[in-house]
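Each remark here refers to the structure printed beneath this line.
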Amino acid sequence: MIAGYKLINPHTKQPTGFVEKIENGTKIHTIRRGDRWSKAFAKAQAEGRDLLIQHSTGVRTKHFKNFQTNKVKSVQKVEIRIFAFTTVVLIEGKESHCFSHVNDGFETKADFDDWFIADIQKNGPFIGEIIHWTDLKY
């Protein structure tokens with residue numbers, strides 16, 4: 001399955017660095033809205049096959065580029081809520097104190113908050129998934 005990444009942060013207009021962070025191993029998971037990854041992961045497991053994540057930029061454009069492919073190791077449910085001008089991350093229904101914004105490619109907690117607060121304000125509550133391509137699970 002394709003996971004598209006933005007090269008420029010739409011809120012700060014600064015480079016995201018996501019491609020480089022995936023390539024050098026500092027971004028080790030991605031967060032996506034909805035549940036299509038968990039459904040596809042469960043189906044692949046039931047069929048005895050691997051689910052692949054195709055890390056890409058320029059999705060749905062003539063500039064499409066798949067820059068790396070990994071095996072999906074696990075998918076966890078995530079909910080991100082706004083509380084007192086910051087975000088709270090719930091994984092599998094429980095508040096996570098060990099979640100790291102760095103593992104998702106953000107330099108600071110403020111960068112993570114800005115990204116997801118803007119998303120929540122635009123699209124409503126964030127209920128989605130963390131897609132892992134390493135052995136890390138929260």
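Computed quantities for the displayed model
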| item | result |
| --- | --- |
| Proxy reagent accessibility, fewest Cβ within 10 Å first, across 21, 62 | 62, 21 |
| Label-point gap, in nm, between residue 100 and residue 52 - each point 7 angstrom along Cα→Cβ | 2.8 nm |
| Dimensionless Rg ratio for the chain, taking C-alpha atoms and the 2.2 N^0.38 Å reference | 1.03 |
| Antiparallel bridges, percent of DSSP beta bridges restricted to the chain (to nearest 5) | 90 percent |
| Residues 8, 80, 117 arranged by fewest to most Cβ contacts within 10 Å | 8, 117, 80 |
| Computed E for residue 137/residue 60 - FRET, C-beta separation, R0 25 angstrom, nearest 0.05 | 0.25 |
| Kirkwood Rh in Å, taken over the stretch 50-92 so that all alpha-carbon pairs contribute | 13.2 Å |
| In the stretch 1-99, the chymotrypsin sites (Phe, Trp or Tyr not before Pro) that fall in loop regions by DSSP, at most 10 other Cβ within 10 Å | 85 |
| Spin-label pair residue 118/residue 83, simplified geometry with 7 Å Cα→Cβ offset, distance in nm | 2.4 nm |
| Sum of -39500 (n - 2.57) over DSSP H runs of 4+, divided by residues of the chain (222 nm, nearest 500) | -7000 deg cm²/dmol |
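Every number here is computed from the coordinates shown, using simple stated rules; none is lab data. Everything numeric in this text was worked out from a predicted model, so none of it was measured. For neighbour counting, all protein chains shown are included, and Cβ atoms are generated from backbone atoms with ideal geometry for every residue, glycine included.
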